[in-house]
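This report concerns only the one structure given below.
The values are calculated or read from the model by the stated rules, or taken from the named source; none is laboratory data. These figures come from a predicted structure and were not determined experimentally. Here Cβ is always computed from backbone atoms with ideal geometry, including for glycine, and neighbour counts include all displayed protein chains.
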Amino acid sequence: MRKNIVLFGLIGILISALGVNSCAPDYQTDFEVKTLIVPDKSLAPVFLPVEGGESVANVETNVALADWSTSSNAAWLSVDKKEGRVTMTAENNDTFAPRLARVTIEYGHQAYYINVTQAGNSPYLLVDGERTGVVKSFTAAEATTSVVVKSNMALDHILIPDTADFISVDAITDIPGSTDEKMVSFKISQNFGRNVRYGGITFQSSDNYDHTASFLIIQQGMVLAELPLRVDMLSTNAQEPNEGPIANLLDGNPGSFFHSAWSYSISEAHYLQVTLDDPIAGCVFWYQNRNNSNGKPTDVSIMVSTDGETWSEMVHLTSGLPTGAGSTYESAFLMLEEPFKYFRFIVNGTNGGTAPTYFNMAEFRMYAPE
Amino acid sequence: MKNNIKIIYCILLGFAVVACDSYDFEQEQYRNEINLLSNSQMIYDRQVADLSKDRDTIYLVAGLSGTRNSDQNFRVALMEADSLIQAYNKSNFDIEIDRYARFLPEECYTIPSLEAVIPAGETQVKFPIYLNNLDKLSPDSIYFLNYKIDPTKTDVFNPRKDEVLLRIFKTNEYSTTQRNVFYNYTSSFVTTLDLNNPLIRRPTSSNQVFPLGENSVRMLAGDEEMGEYKTALNRINERSIKVVMGEQTSKNPMARHVTIEPYKTIDVVQLTPTDIYDNTFLINIISTPDGRSTYYKEFRLHYKYRLRETDPYREVKGILRMEYSPRTDLL
């Protein structure tokens with residue numbers, strides 16, 4: 001029995017010794033770790049001048065030259081790898097804008113990126129010698145204007161905002177003896193409104209959309225004078241006999257009013273007519289509603305005539321007419337090709353019904369250009 | 001006596017060990033039956049056609065059941081069918097006929113052969129389907145191919161897996177019909193070009209982008225709303241623009257010029273580039289000082305649009321951005 005114990009003990013010691021020995025590290029095998037590092041300093045963005053040049057990125061690696069790679073995503077930037085370095089080369093930049101490229105240095109799944117920017121040619125784009133600040137002012141009348149645009153880029157975009165549709169490009173002409181200047185002419189249509197209007201014109205080139213020049217056009221509003229209406233100029237096809245004589249439209253008192261017929265009926269739409277002393281080319285009309293709630297025109301045709309026989313519709317208003325008590329309305333400037341002497345305000349509908357129906361009004365005025 | 005008992009135990013143990021070895025794993029445990037690969041709804045929807053290729057290939061797969069490879073050939077033949085697509089439409093859309101899934105138009109695919117053989121030792125055969133002209137497909141419709149096993153030319157098959165609906169998805173670099181792809185507005189402006197109502201809005205919403213062709217997508221103009229997608233067809237047709245990607249810009253190889261066009265009836269005018277709204281599609285890589293990068297796909301757009309002729313234009317300066325992982329795209 002004691003012999004067996006000794007035997008098992010020896011076997012245990014032997015196995016333990018073998019186990020310990022098997023865990024010993026292998027210091028003889030040479031493990032070589034392949035690394036590729038681009039130092040932080042070489043990863044900084046590179047800026048090259050417009051005439052081109054070179055930049056070098058250092059590469060610290062024990063990888064064979066054939067086993068790592070470098071590339072550029074832009075045709076204008078070439079890359080060349082040598083032991084321990086990547087050279088980035090750019091030729092002259094013929095464009096007027098800076099350009100970008102991205103250089104990749106990679107080994108296996110490890111990659112480094114370097115952003116490269118090359119400056120472009122310096123653009124200039126001037127309107128009458130300035131990039132901004134030129135202002136041209138005009139009266140309300142139709143006009144033309146020109147500016148001299150000087151640029152070393154292609155002048156292929158003239159931007160007129162939608163809100164300045166009264167301005168249009170008339171012509172672009174070369175200036176004799178100058179290769180970088182052009183004369184650009186604009187047409188400005190007549191301003192039929194009373195308000196001043198503005199239009200910012202911007203010049204832009206596809207060579208460098210970011211480099212723009214602009215100037216401002218200011219056009220004054222139309223100056224209108226009130227036509228001196230008299231009672232004998234006014235007439236209607238439906239005067240209400242019980243109230244609201246037509247003369248009240250001109251008395252300057254918003255408390256009095258004109259009323260068309262409600263105590264009898266006629267077969268046509270009620271209207272108010274003005275017979276002017278002299279023909280006019282166009283006008284603005286204004287009225288104030290009676291201070292109550294009914295009989296407010298909502299659908300109105302403005303008809304005009306030179307002889308009182310042949311009539312033309314100048315405008316048909318179906319929206320925007322006020323229906324509030326005492327509210328006012330001023331039309332846009334209205335005109336036709338032919339001057340007119342007779343002006344008719346025909347009410348096709350009110351907030352109470354459709355024609356033929358009565359309407360009422362407190363005050364009425366007309367304006368024409370001075 | 002004790003020795004006898006030990007001997008008996010050893011014999012029993014020997015029998016037990018030998019008994020475990022007697023099970024015949026070499027024999028077929030199931031039937032060899034042909035089936036068409038699909039999910040539990042009889043639809044196979046795991047493949048996407050890549051629009052960047054002139055012609056992409058997807059596969060209809062016929063498999064062979066069983067626990068072992070068969071030592072004989074199995075003939076498989078397919079024929080066109082329509083029962084599954086009808087069942088799909090009835091169960092999903094009922095009377096909403098406008099929303100019914102459609103058969104893939106014949107001009108959009110080619111199947112070189114409807115007959116094949118699962119060779120001995122193999123468990124499946126693939127029927128290639130060549131897809132082309134997918135730019136003609138509406139990204140809002142569901143397209144299927146419906147095939148079933150031709151019983152007269154096919155060896156034994158599983159009658160419960162003898163028909164399949166093959167869903168047709170398409171994808172390009174910018175979006176896919178396989179899932180909803182949204183780009184988010186950032187640093188964007190929508191300005192109503194009306195002197196009397198010069199409203200400026202700054203959308204921060206998202207805009208769903210649909211693939212059309214290899215280099216074209218559809219999206220809603222400005223901050224227009226699609227509403228409920230199921231009933232949005234008219235709104236989509238009225239309010240959508242088409243953005244077509246073109247050549248790389250000379251300024252930045254990561255950017256491509258874009259052209260903005262009406263999708264259907266919308267009045268849209270592409271405006272000249274201004275500031276960062278330079279009418280490009282940009283792979284925008286934003287790197288942090290510690291070397292990590294975030295990748296975005298960005299539409300940088302400048303245009304104006306209106307839905308009706310009497311409306312004022314709305315000017316859109318928009319950055320539509322979607323974060324993505326270039327590594328995932330390679331998977």
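Does at least one position in the stretch A:195-212 carry a residue that is of a type in the set (K, R), within 14 Å of chain B (Cβ to nearest Cβ) and free of Cβ contacts under 8 Å to residues at least 60 places away in the same chain?
yes
Tell me, please, whether a residue that is at pLDDT 95 or above and assigned to a loop (DSSP other than H, G, I, E, B) can be found in the stretch A:272-288.
Scanning the stretch A:272-288, I find no residue that is at pLDDT 95 or above and assigned to a loop (DSSP other than H, G, I, E, B), so the answer is no.
Tell me yes or no: at least one residue of the stretch B:143-161 is closer than 30 Å to B:D223 by Cα and at pLDDT 95 or above.
Within the stretch B:143-161 (the criterion being closer than 30 Å to B:D223 by Cα and at pLDDT 95 or above), the answer is yes, since at least one residue qualifies.
Could you please let me know if B:N207 is touching a strand residue (DSSP E or B) at 6+ places or on another chain (Cβ under 8 Å), assigned by TED's automatic domain parsing to the domain that holds B:R314 and crowded, with 20+ Cβ neighbours inside 10 Å?
Spelling it out, B:N207 is indeed touching a strand residue (DSSP E or B) at 6+ places or on another chain (Cβ under 8 Å), assigned by TED's automatic domain parsing to the domain that holds B:R314 and crowded, with 20+ Cβ neighbours inside 10 Å.
Considering only residues that are part of a strand (DSSP E or B) and free of Cβ contacts under 8 Å to residues at least 24 places away in the same chain, look in the stretch A:127-172 and name the one that is nearest to B:T192 (Cα to Cα).
Looking at the filtered set, the residue picked out is A:S168.
Here are some conditions: (1) touching a strand residue (DSSP E or B) at 6+ places or on another chain (Cβ under 7 Å); (2) among the hydrophobic types (A, V, I, L, M, F, W, C); (3) free of Cβ contacts under 8 Å to residues at least 24 places away in the same chain. B:L37 meets all but one. Which one does it not meet?
The failed condition is (3).
Based on what the data block shows, is B:R239 at pLDDT 95 or above, charged (D, E, K, R) and farther than 30 Å from B:F93 by Cβ?
no
Tell me which residues, restricted to the stretch A:68-89, are in contact with a strand residue (DSSP E or B) (Cβ under 7 Å, 6 or more places away or on another chain), at negative phi and more than 13 Å from chain B (Cβ to nearest Cβ).
Across the stretch A:68-89, the qualifying residues are A:W68, A:S69, A:T70, A:S78, A:V79, A:D80, A:K81, A:R85, A:V86, A:T87, A:M88, A:T89.
With respect to the numbered conditions (1) among the acidic types (D, E); (2) over 22 Å from A:T357 (Cα atoms); (3) surrounded by 15 or more Cβ atoms within 10 Å (Cβ to Cβ), which one is the sole condition not fulfilled by A:E240?
Every listed condition holds for A:E240 apart from (2).
Name, by its number, the condition in (1) over 17 Å from B:I129 (Cβ atoms); (2) at pLDDT below 95 that does not hold for B:D50.
Failing condition for B:D50: (1).
Kindly evaluate A:G108 against the criterion of being assigned by TED's automatic domain parsing to the domain that holds A:S168 and not β-branched (V, I, T).
no
Output the residues belonging to the stretch A:191-206 that are part of a strand (DSSP E or B) and not aliphatic (A, V, I, L, M).
Result: A:R197, A:Y198, A:G199, A:G200, A:T202, A:F203, A:Q204, A:S205.
Where residues in the stretch A:328-351 are aliphatic (A, V, I, L, M) and more than 23 Å from A:A362 (Cβ to Cβ), which of them is nearest to the chain's Cα centre (by Cα)?
Among those residues, the one meeting the criterion is A:M335.
Quick one: which of A:T139, A:T145, A:T163, A:T132 is of a type in the set (S, T, Y), touching a strand residue (DSSP E or B) at 6+ places or on another chain (Cβ under 8 Å) and within 14 Å of chain B (Cβ to nearest Cβ)?
Just one listed residue meets the conditions, A:T163.
Pairs only if they're at least six apart or on different chains, beta carbon under 9 angstrom, first in the stretch B:82-101 and within 23 Å of B:S38 (Cα to Cα), second loosely packed, with under 11 Cβ neighbours inside 10 Å and of a type outside the set (K, R); list them, first residue then second.
B:N89/B:I97
Of all residues in the stretch B:284-301 being more than 10 Å from every other protein chain (Cβ to nearest Cβ) and closer than 22 Å to A:L43 by Cα, which is surrounded by the fewest Cβ atoms within 10 Å (Cβ to Cβ)?
B:D290
Please enumerate the residues belonging to the stretch A:133-156 that are under 22 Å from the mean Cα position of the chain (by Cα) and either surrounded by fewer than 14 Cβ atoms within 10 Å (Cβ to Cβ) or modelled with pLDDT under 95 (or both).
Scanning the stretch A:133-156 gives A:G133, A:V135, A:L155, A:D156.
In the list A:F186, A:F215, which residue meets the criterion of being over 30 Å from A:E363 (Cα atoms), in contact (Cβ under 8 Å) with a residue 60 or more places away in the chain and not assigned by TED's automatic domain parsing to the domain that holds A:M335?
Result: A:F215 is the single residue among A:F186, A:F215 that is over 30 Å from A:E363 (Cα atoms), in contact (Cβ under 8 Å) with a residue 60 or more places away in the chain and not assigned by TED's automatic domain parsing to the domain that holds A:M335.
Step by step: first the residues of the stretch B:254-278, then only those that are of a type in the set (D, E, K, R) and within 14 Å of chain A (Cβ to nearest Cβ), then the one that is surrounded by the fewest Cβ atoms within 10 Å (Cβ to Cβ). Which residue is that?
B:D275
Counting only residues that are assigned to a strand (DSSP E or B) and of a type outside the set (S, T, Y), how many does the stretch B:268-325 have?
Here the count works out to 27.
I'm trying to understand the selection: among the residues of the stretch B:302-331, which are under 31 Å from the mean Cα position of the chain (by Cα), modelled with pLDDT of 90 or more and within 14 Å of another protein chain (Cβ to nearest Cβ)?
Matches in the stretch B:302-331: B:H302, B:Y303, B:Y305, B:V316, B:K317.
Hey, does the stretch A:295-316 have a residue that's surrounded by fewer than 18 Cβ atoms within 10 Å (Cβ to Cβ) and more than 25 Å from A:M335 (Cα to Cα)?
So far as the stretch A:295-316 goes, no, none of its residues is surrounded by fewer than 18 Cβ atoms within 10 Å (Cβ to Cβ) and more than 25 Å from A:M335 (Cα to Cα).
Go through the stretch A:78-91 and give me each residue that's part of a strand (DSSP E or B) and within 39 Å of the chain's Cα centre (by Cα).
Hit for the stretch A:78-91 is A:A90, nothing else.
How many of the residues making up the stretch A:92-126 are more than 10 Å from chain B (Cβ to nearest Cβ), hydrophobic (A, V, I, L, M, F, W, C) and in a loop (DSSP other than H, G, I, E, B)?
Matching residues across the stretch A:92-126 total 2.
State all residues of the stretch B:192-229 that are in a strand (DSSP E or B) and within 14 Å of another protein chain (Cβ to nearest Cβ); if no residue qualifies, say none.
B:T192, B:I200
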